[in-house]
Every structure is written in structure tokens, then in C-alpha cells.
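Shown next, in C-alpha cells, is the structure this report addresses.
The values are calculated or read from the model by the stated rules, or taken from the named source; none is laboratory data. All values derive from a computational prediction rather than experimental measurement. All Cβ positions, glycine included, derive from the backbone under ideal geometry; neighbour counts span all protein chains shown. Areas reflect the complete protein model, heavy atoms only, side chains present, ligands, DNA and RNA absent. Shrake-Rupley method; radii C 1.70, N 1.55, O 1.52, S 1.80 Å.
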Amino acid sequence: MANPAHLMRRQSSRDLYAQRSLDRMEMKELRGRLVTMENGHPSHRTHVMYGATNEAFEDTSPNRRSSETPTSKGSSGEERVFKPEGGECERESWDSKLTFLLATVGYAVGLGNVWRFPYLAQKNGGGAFLIPYFVMLAIEGIPIFYLELAIGQRLRKGAIGVWHQVSPYLGGIGISSAVVSFNVALYYNSIIAWCLFYFAQSFQAELPWSECPNKYFDNGSYITEPECAASSPTQYFWYRTTLQISEDINHPVSFNYKIALALVIAWILVYLCMIKGIASSGKVVYITATFPYIVLVIFFFRGITLKGMGDGLIHLFTPKWHTILDPVVWLEAGTQIFFSLGLAFGGLIAFSSYNPVDNNCYRDAIMVSMTNCLTSMFAGIVVFSIIGFKATMVYEKCLSLRNETLLETFGSSYQSMVFPEEGQPVTIDMNGNLTTVMMPHLPECDLQKELDNTASGTGLAFIIFTEAINQFPGAQFWSVLFFLMLFTLGIDSQFGTLEGVVTSIVDMKLFPNLRKEYLTGGLCLICCLLSMAFAHGSGSYIFLLFDMYSGNFPLLIIAFFECIGISYVYGVKRFADDIELMTGRRPGIYWLICWKYLSPLAMLCILISSFAELAVGGAGYDAWIASEGDTERKSWPVWAVLLVVVLVLASVLWIPGLAICSVINLSGPVCSSVKSVSYEDKTLSTVGQFSKAIVCVQTIAVLLCPVISHYLHVKLA
């Protein structure tokens, strides 16, 4: 049975056929002006024009008719135009515009919107944080989002194919994006596995993190588990039951079979979502992209009915204007915008490459970016209304305990007393008799301190929020909803990130005879095996290392070179011409200024500031100390630093490395010796073989560093 969306698109194609014919005539005219012909063939002189308006450019939208291709005999007899790999019949396309929008929103809106933005807002000035947040959105977020959607839609390839077609010297940008996406997808699925574990535990009659377990002795007596008593039930369940965490990264202690099983299930689910490319993931996003909003709305109405909700929202949005002058606030606002939108991963380029060539990518960029940011603000309201309730409950419980202690010590007269320091003698009148008692220890009750006691990332989701859910009537229901929401938020971002890797591998022709579902399955299997590095006692520390360093610096460098490539290699005027031919609307001067000056400058400042902050503050991780029931700051060992260097260099060295290779190939005999293979195919084939070697080296580094470290530690001991 025919897909109704395809029928509607075909009908609209017929209605707009006359206008598209005019657009294609303009395209041909523009191509003719920019491609220099000598003896009937494109001329490759010293001054080469790269990009969508040279001979490598071709309109491969699904609605294009073969009779209009400029390669037909009637249009230019001897002209040879390279057609992007896949052709118009083989290239996939979205079922409908709604499917693309949901997929892009699901990819951009992720866990960071729920568990990082609220924390950053309350930490960096409350309502005042919104000023640098929206400024960075305007000069960095939306312009790069627009750039990636436009370039992917025009050239209809993944990140590697796109940047290599813009210029052979820029092909390393796409490979770097694919490597970073692979590294991020490798550890990101651990979060989904944790959500699945908590989701399964939420169906118990009593939530297992609601109370501390008991420690039993041989004689039948028992006490409350000391580690739990020193911390809290939610912390104990997270660190001891879920992670089975060790006291430092050098001691894995034991393998965590529960999390390993959850990881296997998570990777199977990701594969099922991607098994048929966008044909399967495009249907999944109808659930994964909409369900988080349904749950957020449910939690919103639950949150605004809770006691203390107002205190939480006041704490979140009360502006502290002096923080605007702090450079760190601007740094964190820019970083949050950058990673929240999923820029430079290659996923946006891959998604937009499945669009028709005349899709309005400008409107999509504005719509998805604003949806992402408004979702962050809405999630902040939901989170802090519930955190306000949790802080109020803790504050009132503290006051109750304090008053009970005073009542037992001083009687009802304590309300009019002035209390000395703890341990000081106090003389009181007890039924007409003067009695001296020692001032007891009183708990400190401070509502603002409780509101400040929030966390970012996993701490907010698996400790703070679960503690608040414990106070709800029917806590199991709310726990199921919450972790199902986190799961759907994570999985569509996960297969969006992995789609950037798969599309890049297809463009590079690493495995030209392998069907895409087998390629996806093999990639998921490799990632699943590698992700077992996160399923042992020190796995959460390795996860933290990947989270802190595998994406942050490389993505900023990649996006910086994307802007440089479009602005100074390809040319913003030429890029604007292409967008005008696609959408009928030319980008305004504001976007050109952002691409050429403001966005690269913003990313360069963030990158330099991040390195400076790392140099001044140092690098380390918070290790869980079981005997104290708290975390302790420790420095990364040498092997962890080496692993960081491997992760970063394996990502960014492709950019200068491939540029150097391109210079060597252009001046050598490679192209002339193989006339039947295009320059692009030859280069990508060589790069593909080199990529396999790099991935092998990186895989060995990830797997062997913890093992070698543990072995050396045992030998030295």
C-alpha cells in the first residue's frame, strides 16, 4: 500500500513543477558561470572552485526528473558531472516533514536539557543567566545549526561526504565528527542502561532506594548499613547497588553483571531503532520525541501542587545581576548551548541530507533551536518545583527534630530562650528548681542551603530527584514515569548520534558490499563490547572521563573549522547563493556576519577559556569513599591522562592530517595513475583504510588502559 505522505509529496511536486524548473535553470546558469571548461572537460587549474556550485554539485532530490539532469545528452554533450554516491534512487528520504522535525527535535533535546540546564541556571545567577544564554544562542547556536542543516540538505551526504565535496582540504572535518560521535555514542548508552535498571527497580512494592538496608550478623542481630547511614538511601543505592563503585579508578574491584546486562539490552534497542535507517528511526521518533513532553507536562502539574514549589522557582529565577560580569558564566552558557543543540556531531548534517533539496532549512533551524531552549526552561521549572518540595520537606523535618530535642532538654520554656554554643552549661528553672544542663547538639536547618544542594547530571537524576520522588504518594508510578522519560530522551539522541557515524561510514565506502542493516548491527555490536569498560567498579569514573574530554574540546574545534571552511574557503556569498537557490530566500547579513566573525570568535573564546580553566583549576574526579559515605576529590592517574590524549588527538588530528594528504595527492601522481577512479573515491578509500587502523588503536587503548593500570598497581604493591 502506498505511503500517504509520498502521495501528498508527489502531488505537491506536480503543483510546484513549474517553479522548480525555473530554479533548476538558475542552478544550471550559476554552475555554468563557475565551472571553467577546456576542450569539453572541467578545468582543474591552480584556482579551483569547490563546493555546491562546481562540477561536483548535483541536485539529487527525490523529486528531480532524469530528463532535466545536466549530464543528459541534450544539456551538455561532453560535460562530466559527478553525482553523489547513492544516486537519486538509492538515497533515503523522510516520510514527511513532521518525521524530520520530530527526529531533529528528539536528537537536539536530550538529557542535558533536564539535568544540566536547571543546575547551571541556579548556579550562575538564576534569571540573570538567561541573558548570556540567549546571547550565545543568537551568535553561536542558531547560526551553526542553520549552517549544518543547509549544507547537509544541499549536498545530500553525511558529514564526511559534505566537507570533502566543499573542499578536499576540509574532508578531515567530517571524519573528526564521525570519530567524536563514535566516542560519545560509546559511553552515552551507559546512561540509557542506568535508566533501564532504575526503571525495572521501580516496579517493586517499595522503592529500593527509599530506606537504608540492614546489615545482619551471625548471631541474628542487625544494624543499619553503615555506608548508607553515613550518606542517604538514594546515594547508597546509586553508588553501591547500581554502580558497585570502587574507591578509585585504579581498582575495578568486580564486574557489574547487572549493568552489563542492561547495556546489552540498551544496545539491542538502539539497533532495533536503526535497523532500517530512517525508515525505522523515523517511526520511532513519534514516540521518543513526544513522550518526554507528555511526562514533563504531567510532572509540571504535579509540581505546582506541591508544598514549597514557590521557594524552588524563586530560587531558580531570582536574578543575581552581578554574575553577568563573570566570564565563567558566559563560558558555561556558550558550552550549554553548543552541546544542547548537538552541533558538530554530524547527526544534523546526516538528518538534513535525507530532505528534499527545496526544504526550508532556515525555518527548521529557528524552530528546532527555539524548541530546544524553551524545553530547557520548561524542564527547569519542573525540576525546581519538585526540588523546592524536597527541600521544604527536609527543612521541616529538620525543624521538627530540632524542636523535639529542645523540648526534651528544656521543656516548653525553650521558645523564649537564647541558646549558647553546643556543650556549654545552661541553668534553667525546672518546676521551681534550678538545674544545670549541657547544651545539646542541634541540627542546622537552612532552607536556602537545601535549595543550593542540587547537582548536575547523574547526581540530579539518580540521587536528588529520586529522593524527591520518595516523598510522593504512589512513588512507584512517578518513578516509572521519570525513568521512562529519561530513557526516551536519551535513546533518540543516541541513535541520532550513531546515525552520523553510519552515514559517514557509508560515504567513505569502508564496507561497500555490506548492507546497511548489517553495517549498523556490526557497529552496535562493537560498541556493546567496548561499553563493557563501563560495567565494573571503576566504570563510572571512566564514563566521567569520556564525558568530560571525549567530546568537549574536539567538538568546539570541529565547529570552529566548519565556520572557517564555509566563510573563508568556500565563501559565504557562494553559500548564500546555494541557500537562495534551495529555499528562494537569501540569508540576511546577520547570518553572514555570524558565520564569518561572531560564531568562530565565540567558539575560540570558549575553547581558550576552557583550556585556561583546566590549567588553573586542574583536572580530577570525585571518588566515592564508602567509609565516609561521601565523595573525595582525586587526580587522574597517568594512564587516564594518556587515554584523554588518545581520545582528543584521534578526533582532531584528522583535520590537519587530511589537508596535508590532500596537498600531497594533488601534487603527486595518484590521480593520474588511476583514471577510472575519481579523486574523491581514491582519497576516501585511502582515508577509509587509515580510519580502520585508528579505530583499532583507539579500541585497544580503551580496553587495555584499565587492565594495564590494575596490573601495574598489583605489581608495585
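On a C-alpha basis, how far is the centre of the stretch 509-566 from the centre of the stretch 179-258 in Å? Whole number, if you could?
Value for the Cα centre distance between the two parts: 26 Å.
Going down the list Lys157/Lys573; Lys97/Lys573; Lys215/Lys390; Lys283/Lys573; Lys509/Lys634, which pairs span over 32 Å between their C-alpha atoms?
Details: Lys157/Lys573 22 Å; Lys97/Lys573 28 Å; Lys215/Lys390 28 Å; Lys283/Lys573 37 Å; Lys509/Lys634 44 Å.
Long pairs (Cα-Cα over 32 Å): Lys283/Lys573; Lys509/Lys634.
Heavy atoms only, probe 1.4 Å: what % of the accessible area of the stretch 242-342 goes to carbon and sulfur, would you let me know? Walk me through the numbers on the way to the answer.
Details: 3530 of 4570 Å².
Roughly 77 percent, rounded to a whole number.
Any idea how far apart Leu519 and Thr405 come out in nm if each label point goes 7 Å out from Cα toward Cβ?
Distance between label points: 6.5 nm.
Please give the per residue accessible area of the stretch 564-662, computed with a probe of 1.4 Å over protein heavy atoms only, in Å². Each step should come with its number before you reach the end.
Details: 4690 Å² over 99 residues.
In whole numbers, the stretch 564-662 has 47 Å² accessible per residue.
Using label points projected 7 Å from each Cα along Cα→Cβ, tell me how many nm separate Asp452 and Lys283, to one decimal.
With each label point 7 Å from Cα toward Cβ, the separation is 5.3 nm.
Per the 1.4 Å probe, what fraction of the accessible area of the stretch 99-164, in percent, lies on carbon and sulfur atoms?
Values: 640 of 900 Å².
In the stretch 99-164, the share of accessible area belonging to carbon and sulfur is 71 percent.
Hey, what's the Cα Rg ratio for the stretch 113-154 versus the globular rule of thumb, 2.2 N^0.38 Å?
Details: Rg = 13.6 Å, N = 42, 2.2 N^0.38 = 9.1 Å.
Computed over Cα atoms of the stretch 113-154, the ratio equals 1.49.
Tell me, in nm to one decimal, what length is gained between Val638 and Leu653 on full extension, where the rule is 0.36 nm per residue of separation less the Cα-Cα distance? Kindly include the intermediate steps, with their values, before the conclusion.
Details: separation 15, 0.36 × 15 = 5.40 nm, distance 2.17 nm.
Computed gain between Val638 and Leu653 is 3.2 nm.
How high is the FRET efficiency from His251 to Leu442, r the C-beta distance, R0 51 Å, rounded to 0.05?
Details: r = 39 Å, r/R0 = 0.77.
So, using R0 = 51 Å, E works out to roughly 0.85.
Find which of Gly584, Leu614, Pro554 sits farthest along the positive direction of the dipole of the stretch 517-617, computed with +1 on the beta-carbon of Lys and Arg, -1 on that of Asp and Glu, about the Cα centre.
The listed residue farthest towards the positive side: Gly584.
Highest first, please rank the peptides 166-172, 466-472 by the mean number of other Cβ atoms sitting within 10 Å of their residues. Before the final figure, lay out each step's value.
On the way: 166-172: 24.1, 466-472: 20.4.
Descending packing order for the listed peptides: 166-172, 466-472.
Could you give the length gained by full extension between Phe378 and Thr427, i.e. 0.36 nm per residue of separation minus their alpha carbon distance, to one decimal place?
The Phe378-Thr427 span can extend by a further 12.2 nm.
How big is the charge dipole of the stretch 314-435 about its Cα centre, in debye rounded to the nearest 20, if each Lys and Arg gets +1 on its Cβ and each Asp and Glu gets -1 on its Cβ? Display every interim value, and only then the final one.
Working: 5 positive and 10 negative charges, 77 e Å.
Computed about the Cα centre, the dipole is about 380 debye.
Enumerate the whole-percent occupancy of each 10 Å bin, from 0 to the last occupied one, for all C-alpha pair distances of the stretch 208-344.
Over the stretch 208-344, the share of Cα pairs per 10 Å bin runs 8, 15, 26, 32, 15, 3, 0 percent.
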